[in-house]
Every structure is written in structure tokens, then in C-alpha cells.
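Q: Below is one structure. I have some questions about it.
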Amino acid sequence: MSASRYAYLGPEGTFTEAALRSMPEAATRELVPMVSVPVALDAVRSGAAAAALVPIENSVEGGVTATLDELATGEPLMIYREVLLSISFALLVRPGTALADIKTVTGHPVAQPQVRNWLAANLPDAVWESAASNADGARLVQEGRYDAAFAGEFAAATYGLEPLVTDIHDAQNAMTRFVLAGRPARPAARTGADKTSVVIWLGDDHPGALLELLQEFSARGVNMMRIESRPTGEGIGRYCFSVDCEGHIADRRVGSALMGLKRICPKVRFLGSYPQAGVVAEEMAPLRHGTSDEAFTEAAEWLARCQDGRA
């Protein structure tokens, strides 16, 4: 395994590369662009890279399905950390192109909902076609296959383009969340401001099946931050659930919730416990009464006394 190599969703000039370069350790790693999320994560599975940074969630469009599905299937991987990046697009064109010249535009499919209103107002007749990434769209404009691409302004120099319009976004404060995934290992020590990610499969479809899963978190005071259903490929109505919750697997309430899920579900895949980006322990809301590690310990000791006749 190449411990000095990090893969990412390429090509050069993507928002994923920008997010990766915001990590201090990126300065000492060889950063290798990959053509897709599955290829980037497979580089980790094969040992060609120590880790891969891929997008997993956007504040406008929601989950990145390619990443959610890839983490749920195949050889297990684990999330080590997350990175948040503010997203704003530029309209990149070949030098000399005017707005009136643009008949075709391209960009990553996740970008389209973030610029749809701007596109309708300023280029209502332009035809949109999706690209593998925003940077790949810029490359296609460079090659003359499209008139313009929505990408990060920083990609212009890489592809010899000009930012005709900058700071394009339909939603203010749009963010994309990226995760650094590697081979399974012992999770980092808890910080007090952590997040745990899992994938959960339902055993069978019956009334209240999803509620049973949710109650494993609720009964222990574990806050669910995200839940998304994804088809398992086993037929219509067969789903697994990608879940993020507050806390670390070493927290008694989180560990207990995961054990509860393991008891009632045919399959639970642990994707990691890692620090929440941009959050410190002092900013976390107080735990609900009875959900601290101390409360779990006291309850276990009480049960032992009851079993020994000492209650």
C-alpha cells in the first residue's frame, strides 16, 4: 500500500481537489485524481492509495448516491474524517466567448440544481449536458465540445479558460461535505464532538420496521443527523439506510444503539466514528438525562446488584 498517496475524484480542478488541499496532511501526500468515485475508493481497496477523498453530501441536492452506494457495498472501508467546503460556481469559457455565444453548457449533475435558476434567467435557451465532474466539464469546454462549464473559478487556469461570470449559486451558503475513506482500522479517539456513520439493512418489510430502527437511537438519546434510503438491488421495496448520528462508537449510548441494531437487523456496516468538521466539544448541546457514560455505568452496576440480591 502506498501510504503517501491520496486518491480523489478528479480530474484536476474539482471541488474535491480543493477540499483535499484544505487538509494539512495533503501537503505531504501525492494527490492522485481518479475518473469516478468507485475508481477512487477501489484504489484504496487495492492498496494503490492509502485513502480517498470523495463527496458524500450536498446541502442543496442531498446525498451523493455514488458514494453512498459504494460505501455500502464491496470490501468494507471506513471514514476517517470529513471536510466541509463552501460551493460557488463560475461560468468558464474559452477566451473571447460572450454570454450571447453560449448555446451549450455542462457540469456535474449535482451542480445543475445549484445553478438552475441562474441558468433559466441568464441562458434560458442553452442546452445542458452532464459531465463526469465539474473539472471534466471545463476540460470539455477547452476541447471545444461545449461552450461553457459550471466549475470552481480555480479550475480556469488549469484548462486555459476564463471565468465569464463568478459567484453563481441559487442557494446562499451552499456546502458540500466530503469524507476521507481508508481501510478499516481502530477509530480515532473520541473528541466530544464526533459523528458515527453506519449502513443498516431491514430484515423484512413490515409495519413499523423503520420505526424499530429509529427507536434504537431515540431510546438512548442518540441524535440522528442524516438518514437516507438506498435500494439494495434485490428488488422493488428492498432498501438499506445510510445513517449519520452524533457521538462516537466508544460512547456508551452510541455503542448500545449499534448493538441494538445488530440484534434486530440482518446486516449493519460500521463506517466509522470521526470528528465533526468545524465543531468543538464546547459547542455541543448537553446530553439528555440518563444518556451519559456515567448513567450507563450506574445502571449496569444497579442491575448487577439486583442479580446478586444486593439491590
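The values are calculated or read from the model by the stated rules, or taken from the named source; none is laboratory data. The structure presented is a predicted model; accordingly, all values stated were derived computationally and were not measured. Using ideal geometry, Cβ is built from the backbone for each residue, glycine included, and neighbour counts are taken over all protein chains shown. The protein model used for the area step is the full one, side chains on, heavy atoms only, and it has no ligands, DNA or RNA in it. Shrake-Rupley method; radii C 1.70, N 1.55, O 1.52, S 1.80 Å.
Q: How much length, in nm to one decimal, is gained on full extension between ARG145 and ARG183, taken as 0.36 nm per residue of separation minus their Cα-Cα distance?
A: Taking ARG145 through ARG183 to full extension adds about 9.8 nm, to one decimal.
Q: Where the accessible area of the range 84-150 is counted over protein heavy atoms with a 1.4 Å probe, how much of it, in %, is carbon and sulfur?
A: The computed percentage sits at 48.
Q: Taking the range 138-236, which GluC sites (Glu not before Pro) meet the DSSP loop condition and have no more than 13 other C-beta atoms within 10 Å?
A: When the GluC sites (Glu not before Pro) of the range 138-236 are filtered for loop state and at most 13 Cβ neighbours within 10 Å, GLU143, GLU234 remain.
Q: Per 5 Å bin from zero, what fraction in whole % of the C-alpha pairs of the range 138-215 is there, up to the bin with the longest pair?
A: That works out to 3, 9, 13, 11, 9, 11, 11, 11, 10, 9, 5, 0, in percent per bin.
Q: Calculate, in nm to one decimal, what ARG288 and ALA98 gain on full extension: separation in residues at 0.36 nm each, minus their alpha carbon distance.
A: 62.6 nm
Q: Here's a follow-up. In terms of the Cα gyration tensor, with a ≥ b ≥ c the square roots of its eigenvalues, is the range 7-86 rounded because a/c is under 1.5, prolate because a/b exceeds b/c, or oblate?
A: oblate
Q: Probe of 1.4 angstrom, ligands and nucleic acids ignored: what's the accessible area per residue over the chain, in square angstrom?
A: That works out to 48 Å² per residue.
Q: Follow-up. With both partners inside the chain, how many of the DSSP beta bridges are antiparallel, as a percent to the nearest 5?
A: Given both bridge residues lie in the chain, the antiparallel proportion sits at roughly 75 percent.
Q: Continuing with the same structure: Along Cα→Cβ, 7 Å out, is where each label goes; now give me the distance between the ones at GLU234 and SER256 in nm to one decimal.
A: 3.0
Q: I need the P(r) histogram for the chain: all alpha carbon pairs, bin width 20 Å from 0 out to the longest distance, whole percents.
A: Here the calculated profile for the chain is 30, 51, 18, 2, 0.
Q: Using a basic spin-label model with each label point 7 Å from the Cα along Cα→Cβ, how many nm lie between MET224 and ALA209?
A: 1.5
Q: Given axes a ≥ b ≥ c from the Cα gyration tensor, I'd like to know whether the range 261-311 is rounded (a/c under 1.5), prolate (a/b larger than b/c) or oblate.
A: Oblate shape, in that a/c is at least 1.5 and b/c is the bigger or equal ratio.
Q: For the range 1-56, which trypsin sites (Lys or Arg not before Pro) are both in a DSSP coil and crowded by at most 12 other Cβ atoms within 10 Å?
A: none
Q: If I take R0 = 45 Å and measure r between the Cβ atoms of ALA304 and THR73 in this structure, what FRET efficiency does the formula 1/(1 + (r/R0)^6) give, to the nearest 0.05?
A: 0.65
Q: Please list, by residue number, every one of the trypsin sites (Lys or Arg not before Pro) in the range 72-155 that is coil in DSSP and has at most 16 other beta-carbon atoms within 10 Å.
A: Passing both the DSSP loop test and the Cβ count: LYS103, ARG145.
Q: Give me the distance in nm between label points sitting 7 Å out from Cα along the Cα-to-Cβ direction at GLU162 and LYS267, one decimal.
A: That separation, rounded to one decimal, is 5.3 nm.
Q: On to the next question. Taking just the alpha-carbon atoms of the range 200-311, what radius of gyration and Dmax come out, in angstrom?
A: Gyration radius and largest Cα-Cα distance of the range 200-311: 16.5, 54 Å.
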